[in-house]
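Colleague: First the structure, which I've put down as structure tokens, then a few questions once you've had a look.
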Amino acid sequence: MSDYQHEVDELERTSATAARLFDVRRIIGGLFVVYGVLVTIAGLTASDADLKKAENININLWTGLGMLALGVFFLGWLYLRPTPPPPPAEPSRAADTTPGPDPDRDRDTPTP
């Protein structure tokens, strides 16, 4: 097997590992949970003046709870359906059938 094929195989394995590490569900779920907590806290500490501006609907509280629910959904989805691991590398048959150096050719022969 050529050096290029070995490099391609190694890059594919590295790419699959990076894909599992940086799964978009983890990023989206984590961000929604963090921002959901912040917005929910802002909703819990809302003043009467803030509620009066929004016609007595605590928008921050409801939005924060919705963001928390969505973030937990994404993280649960990641936990229940993880990214499958890459298939194991198959041993190369091409490397086994590649002829080695010819012993007859490498032998020192006297020159006439």
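Yes/no per residue for (1) more than 20 Å from the chain's Cα centre (by Cα); (2) at negative phi; (3) at pLDDT below 60:
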position	(1), (2), (3)
52	yes, yes, no
74	no, yes, no
90	yes, yes, no
97	yes, yes, yes
102	yes, yes, yes
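Colleague: Another question, if that's okay. What pairs come out if I take residues in segment 8-30 that are at pLDDT 85 or above and pair them with residues that are polar (S, T, N, Q) whose C-beta lies under 9 Å away, six or more apart or interchain?
Modeller: Partner pairs satisfying both residue conditions: 25/83.
Colleague: So, one more: Does residue 63 satisfy the condition of being within 30 Å of residue 12 (Cβ to Cβ) and either open to solvent by less than 100 Å² (accessible area, probe 1.4 Å) or at pLDDT 90 or above (or both)?
Modeller: Values: within 30 Å of residue 12 (Cβ to Cβ): no; either open to solvent by less than 100 Å² (accessible area, probe 1.4 Å) or at pLDDT 90 or above (or both): yes.
It is false that residue 63 is within 30 Å of residue 12 (Cβ to Cβ) and either open to solvent by less than 100 Å² (accessible area, probe 1.4 Å) or at pLDDT 90 or above (or both).
Colleague: Within the group 41, 57, which residue is touching a helix residue (DSSP H, G or I) at 6+ places or on another chain (Cβ under 9 Å), modelled with pLDDT under 95 and not basic (Lys, Arg)? Walk me through how you get there before you give the answer.
Modeller: Working: 41 fails: modelled with pLDDT under 95.
One residue alone meets the criteria, 57.
The values are calculated or read from the model by the stated rules, or taken from the named source; none is laboratory data. Please read these numbers as outputs of a predicted model, since none were measured by experiment. Cβ sites come from the backbone with ideal geometry, for glycine too, and all protein chains shown count toward neighbours. Protein only, heavy atoms only, side chains kept; ligands, DNA and RNA dropped before computing areas. Shrake-Rupley method; radii C 1.70, N 1.55, O 1.52, S 1.80 Å.
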